[in-house]
Amino acid sequence: VAIKRSAFEDLTGEADALRERVSALAARADSIRSFLEDLEANAPLTPGRKPPEPSDNTSEPDIEDAPPVSVAVLDQLGLPANGRLIQAFGDELPTGRRAEGITLRTRASAQVVAPSDAIIEYAGPFRSYGQMLILRTGDGYHIVLYGLSDVYPTLGQAVLAGEPIGRMTNRADVSPDLHMELRRDGTPEDPQRWMSGRSG
């Protein structure tokens, strides 16, 4: 019991410290690219330890790291929600720049799901993007979702493809537009090139 309690306390302390560090990185970042670079350079991916499973064995249990995720999961990349594609990767924006991801116009309060198996590297507000999720899939790839009203996972949590991770707005004065970017080492790629066509 003492070992288990100590493991929980260690994990809680590490998780709190990690949330504070990541929140500080988000506050100083001026773009998604710079935020991802700071996450990779300055913040650990997950708390280093997790509570051991209950056991009748009186010896000290092994405490494992968070499970790794392979880039192979992108072979089954899906849409994060049901909706109408209103902006494709590379489309010209009103600013004259090119879209670095895709945008789906969903219904109000639409459920958002994980497009693939991943580890949550960030969950919370970011600048003017609204609620944002950054999911690490492996080999330098990240999925960035923003425009959500609510996010469910916590930092360091492993999620499976199709698992509910958030909800879109139901406000009448705000369009429920969900933005999705796929980045490798910070550089945007077209997520539709990986997609199997299934949706959330």
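The values are calculated or read from the model by the stated rules, or taken from the named source; none is laboratory data. Not measured: the values here are computed from a predicted model. Heads up, the Cβs are rebuilt from the backbone with ideal geometry, glycines too, and the neighbour counts pull from every protein chain shown. Please note that ligands, DNA and RNA were not included when accessible areas were found on the heavy atoms of the full protein model with its side chains. Shrake-Rupley method; radii C 1.70, N 1.55, O 1.52, S 1.80 Å.
See the values below:
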read-out	value
Subset of region 109-120 [under 11 Å from the mean Cα position of the chain (by Cα) and either among the aromatic types (Phe, Trp, Tyr) or open to solvent by 10 Å² or more (accessible area, probe 1.4 Å) (or both)]	Asp117
Cβ pairs under 6 Å, 6+ apart, first in region 154-168 and touching a residue at least 12 places away in the same chain (Cβ under 8 Å) and closer than 13 Å to Ile143 by Cβ, second of a type outside the set (A, V, I, L, M) and open to solvent by 50 Å² or more (accessible area, probe 1.4 Å)	Ala161/Asp117; Ile165/Tyr152; Gly166/Asp150; Gly166/Tyr152
Filtered residue count, region 124-175, keeping only those that are among the charged types (D, E, K, R) and in a loop (DSSP other than H, G, I, E, B)	5
Test: Gly162 is surrounded by fewer than 18 Cβ atoms within 10 Å (Cβ to Cβ) and under 16 Å from Gly78 (Cβ atoms)	yes
Criterion (at pLDDT 95 or above, touching a strand residue (DSSP E or B) at 6+ places or on another chain (Cβ under 8 Å) and of a type in the set (Ser, Thr, Tyr)) met by exactly one of Thr106, Thr46	Thr106
Inter-residue pairs, beta-carbon under 7 Å, first within 16 Å of Asp38 (Cβ to Cβ) and in region 112-125, second charged (D, E, K, R) and not in a loop (DSSP other than H, G, I, E, B), 6+ apart	Glu121/Arg136
Matching residues, region 94-115, being under 26 Å from Ala29 (Cα atoms) and either touching a His at 6+ places or on another chain (Cβ under 9 Å) or not in a strand (DSSP E or B) (or both)	Pro94, Thr95, Gly96, Arg97, Ala99, Glu100, Gly101, Ile102, Thr103, Leu104, Ala114, Pro115
Which numbered condition Leu178 misses (of (1) part of a strand (DSSP E or B); (2) open to solvent by 50 Å² or more (accessible area, probe 1.4 Å))	(2)
Test set (1) in contact with a Gly (Cβ under 9 Å, 6 or more places away or on another chain); (2) closer than 20 Å to Arg171 by Cα - Phe126 fails condition number	(1)
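Okay, residues lined up against (1) among the hydroxyl-bearing types (Ser, Thr, Tyr); (2) on the phi > 0 side of the Ramachandran plot:
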{"site": "Thr103", "(1), (2)": "yes, no"}
{"site": "Ala110", "(1), (2)": "no, no"}
{"site": "Asp117", "(1), (2)": "no, no"}
{"site": "Phe126", "(1), (2)": "no, no"}
{"site": "Gly138", "(1), (2)": "no, yes"}
{"site": "Tyr141", "(1), (2)": "yes, no"}
{"site": "Thr169", "(1), (2)": "yes, no"}
{"site": "Asp190", "(1), (2)": "no, no"}
{"site": "Met195", "(1), (2)": "no, no"}
